[in-house]
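Down below is the structure, laid out as structure tokens.
The values are calculated or read from the model by the stated rules, or taken from the named source; none is laboratory data. Every value quoted in this text rests on a predicted model; they were computed, and no experiment measured them. Ideal geometry is used to build each Cβ from the backbone, glycine not excepted, and the neighbour counts take in all protein chains shown. The protein model used for the area step is the full one, side chains on, heavy atoms only, and it has no ligands, DNA or RNA in it. Shrake-Rupley method; radii C 1.70, N 1.55, O 1.52, S 1.80 Å.
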Amino acid sequence: MIVYATHKGGKYLPFEESLKIDAESPRGLYINLTNRCNCDCVFCLRSKKEMPPSNSLWLDREPTVEEVEREIEKVPKRIVKEIVFCGFGEPTLRLTELLELLRYCKEKYPEIPTRLNTNGLGEQANEKIFAEKFAGILDTVSISLNADNAEKYLKLTRAEYGLKSYNAMLDFAEHAKKYVPNVILTVVDKVMSPEEIENCRKICEKRNLTLRVRPYE
């Protein structure tokens, strides 16, 4: 499934199926670029949730830019409140394609906000700082914070870059806020204690970043 919409109950539906349920309510247009990920989070739905083949986010292969553009064109834009690049894996592992598609969306549909959901480890994967390339084409970046220190973070995410991953993720957030209007760090409620969440809130306040507590699905 390259493009999809989300529904209550943790349902991920092809956009045409979403329209059959509700043809008029605004919703996000989610774009799935890859199965690959440089984390293996213990709470990730990739390993926790079985999906029927007709509604699966797993890709048989990574779509080309042209294929994604064609899928985007099929969706009625009057009900799209946001275009979200998320992948079933980590979108920045396809950085070139991600940037090209962000430019395409912003040029064709400047009125629709764009968002990137990421683990924040794209700089490690691509071995370069690239946040400046988001200027003018990305409105929001949502980064998975997941923990209040590097040791807990690595235990939860099992990131392939080891303990340095935590600070690398925070560095990416700092780089991104220079070029992206909204930088949000997220944690998942049921995998963290209230004390840990408060510590994360302080981390964000210190860096002038926004914390969002996501419900566990």
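The conditions of being over 18 Å from residue 177 (Cα atoms) and open to solvent by less than 40 Å² (accessible area, probe 1.4 Å) are not met by residue 122. Scoring residue 84 on the criteria (1) in a helix (DSSP H, G or I); (2) under 22 Å from residue 35 (Cβ atoms) leaves a single failure, condition (1). Taking only the range 70-81 into account, find how many residues are hydrophobic (A, V, I, L, M, F, W, C) and assigned to a loop (DSSP other than H, G, I, E, B). The number of residues fulfilling the criteria is 1.
Among the residues of the range 147-164, is any out of contact with any Gly (no Cβ under 8 Å at 6 or more places or on another chain), more than 17 Å from residue 214 (Cβ to Cβ) and among the β-branched types (Val, Ile, Thr)? No, the conditions are met nowhere in the range 147-164.
If I go through the range 167-183 residue by residue, how many of them are without any contact (Cβ under 8 Å) to a residue 40 or more places away in the chain and outside any helix (DSSP H, G or I)?
Just the residues of the range 167-183 that are without any contact (Cβ under 8 Å) to a residue 40 or more places away in the chain, to begin with: 167, 174, 177.
In the following step, the residues that additionally are outside any helix (DSSP H, G or I) were identified as 177.
The qualifying residues number 1.
Just so you know, in the range 52-106 the residues that are of a type in the set (Phe, Trp, Tyr) and surrounded by fewer than 21 Cβ atoms within 10 Å (Cβ to Cβ) include one that is farthest from residue 139 (Cα to Cα), and it is 58.
For residues that are under 16 Å from the mean Cα position of the chain (by Cα) and within 20 Å of residue 188 (Cβ to Cβ), scanning just the range 128-158, find the one that is surrounded by the most Cβ atoms within 10 Å (Cβ to Cβ).
The selected residue is 146.
When restricted to residues that are more than 17 Å from the chain's Cα centre (by Cα) and not charged (D, E, K, R), the range 14-41 contains 8.
You will find that of 67, 50, the residue that is more than 14 Å from the chain's Cα centre (by Cα) and modelled with pLDDT of 95 or more is 67 and no other. Is it fair to say residue 4 is outside any loop (DSSP other than H, G, I, E, B), crowded, with 21+ Cβ neighbours inside 10 Å and not basic (Lys, Arg)? Judged against the criteria, residue 4 is a match. A count restricted to the range 93-117 and to residues that are of a type in the set (Val, Ile, Thr), out of contact with any Phe, Trp or Tyr (no Cβ under 8 Å at 6 or more places or on another chain) and not in a loop (DSSP other than H, G, I, E, B) stands at 1.
Would you tally the residues in the range 184-201 being in contact with a strand residue (DSSP E or B) (Cβ under 9 Å, 6 or more places away or on another chain) and either open to solvent by 10 Å² or more (accessible area, probe 1.4 Å) or touching a residue at least 60 places away in the same chain (Cβ under 8 Å) (or both)?
If we filter the range 184-201 for residues that are in contact with a strand residue (DSSP E or B) (Cβ under 9 Å, 6 or more places away or on another chain), which is where we start, we get 184-189, 192, 196-197, 200-201.
Going one step further and asking which of them are either open to solvent by 10 Å² or more (accessible area, probe 1.4 Å) or touching a residue at least 60 places away in the same chain (Cβ under 8 Å) (or both), we end up with 184, 188-189, 192, 196-197, 201.
The number of residues fulfilling the criteria is 7.
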